[in-house]
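Data block below; observations after.
The values are calculated or read from the model by the stated rules, or taken from the named source; none is laboratory data. Quick caveat, the model's predicted, so the values are computed rather than measured. Virtual Cβ from ideal backbone geometry, glycine too; neighbours counted across all protein chains shown. Each accessible area value is taken on the protein alone, full model and side chains, heavy atoms only, with ligands, DNA and RNA left out. Shrake-Rupley method; radii C 1.70, N 1.55, O 1.52, S 1.80 Å.
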Amino acid sequence: MALIATWNVNSARSRAGLIADWLGRSRPDLLLMQEIKCEDGQFPREAFREAGYEAIVVGQKTYNGVAILYRDDDAAPPETLLTALPGDDGDAEARFVEVSWRRLVVGDLYLPNGNSRGEDGFQAKLDWMARLRTHASALLASDRDVILAGDYNVCPTEDDLARGALPKDDALVRPESRAAFRSLLWLGLTDALRALHPSDRLFTFWDYQGGAWQHDRGLRIDHALLSARPAERLREVTIDRAERSKDKPSDHVPVIIRLDDPE
């Protein structure tokens, strides 16, 4: 069995204690973190080592940043394959890290929001998604078992947000964003949560403002997309809502997938 979680932690340093506590209780094999908001040298490795985890970090000062935590007793720890999404040598934002682990290629991603800088910012989001599709297509063509998980900043359908939670022109729900997300599924990737919960209205993010948590005005923007063989091994997807009620939480909560071991 493998447990792989994704969590936009909205500052690894500010929430190191909460994250370490969650690791101690949940014990995932991998935790894919987004928006760590620090450079590698400021990443709170010691807090996670005390919880039994080592880290692969792709950081950036103040903004963005991704990291993968793995158990320090893993007999075959992950091997870093990429520290940036291919396709744009000028992209300096820390939004992607990819590893090889237990016959899987696991990508941890933090997709641009797309609501800042007007139409230029939205186009940058679509360009990033196009690069992700190209990379995913190449991975699938190589016949690798693939998991691409993280904060996609897309609500794929109207079932993925509370009614009235976002205006129609928000970048997370614009038709172009949803079409780009669907194009990933059309490659042959499976949305893990929808495979097991095809129509449930389940959320992974609640804004800090406007009583979104108290009134359950949430969004589902954190996703795990699986290639065919990992999808066949998928047994459970859990959204750990309880983390949103903690003191000074992230506005996102962990999403955990459980896979059976390959035969």
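Decide, for segment 28-124, between rounded, prolate and oblate: order the square roots of the alpha carbon gyration tensor eigenvalues as a ≥ b ≥ c, take rounded if a/c falls under 1.5, and otherwise choose prolate if a/b is larger than b/c, else oblate. Here segment 28-124 falls in the prolate category.
Spin-label model, D200/R131: points 7 Å from Cα along the beta carbon direction are separated by 3.5 nm. Extension gain, T157-D73: 0.36 nm per intervening residue step, less the Cα-Cα distance, totals 26.3 nm. For the pair E119 and S245, label points projected 7 Å from Cα toward Cβ lie 4.6 nm apart.
Classified by the C-alpha gyration tensor, the chain has a rounded form. Its axis ratio a/c, with a ≥ b ≥ c, is below 1.5. Taking H as built 1.01 Å from N, whose amide H comes closer than 5 Å to the amide H of E35, not counting residues under 5 places away? For E35, whose amide H was placed from the backbone, the distant partners under 5 Å are G65. Whole-Hz Karplus values for segment 72-77 come out as 6, 9, 5, 5, 9, x Hz, taken residue by residue from phi with 6.51 cos²θ - 1.76 cosθ + 1.60 and θ = phi - 60°; glycine and proline positions read x.
For the chain, a simple Cβ point-charge model (Lys and Arg +1, Asp and Glu -1, everything else neutral) yields a dipole of about 500 debye relative to the Cα centre. Computed 3J(HN,Hα) for segment 214-225, one whole-Hz value per residue from the Karplus formula 6.51 cos²θ - 1.76 cosθ + 1.60 where θ = phi - 60°, is 4, 9, 6, 9, x, 10, 10, 10, 9, 10, 10, 9, glycine and proline marked x.
Whole-Hz Karplus values for segment 52-62 come out as x, 10, 9, 9, 10, 10, 10, x, 8, 4, 6 Hz, taken residue by residue from phi with 6.51 cos²θ - 1.76 cosθ + 1.60 and θ = phi - 60°; glycine and proline positions read x.
When chymotrypsin sites (Phe, Trp or Tyr not before Pro) are flagged only if DSSP places them in a loop and at most 15 other Cβ atoms lie within 10 Å, the longest unflagged stretch of the chain comes out as 64-207. Apolar share of the accessible surface for segment 189-263: 46 percent from carbon plus sulfur atoms, 1.4 Å probe. Round to a whole angstrom and tell me the spacing of the C-alpha centers of segment 48-90 and segment 181-210. Cα centroid of segment 48-90 versus Cα centroid of segment 181-210: 24 Å apart. Extension gain, R49 to L185, is 45.4 nm, computed as 0.36 nm per intervening residue step minus the present C-alpha separation. For segment 136-263, rounded, prolate or oblate, judged on the Cα gyration tensor with a ≥ b ≥ c (square roots of eigenvalues), a/c < 1.5 rounded, else prolate if a/b > b/c? The shape class here is oblate.
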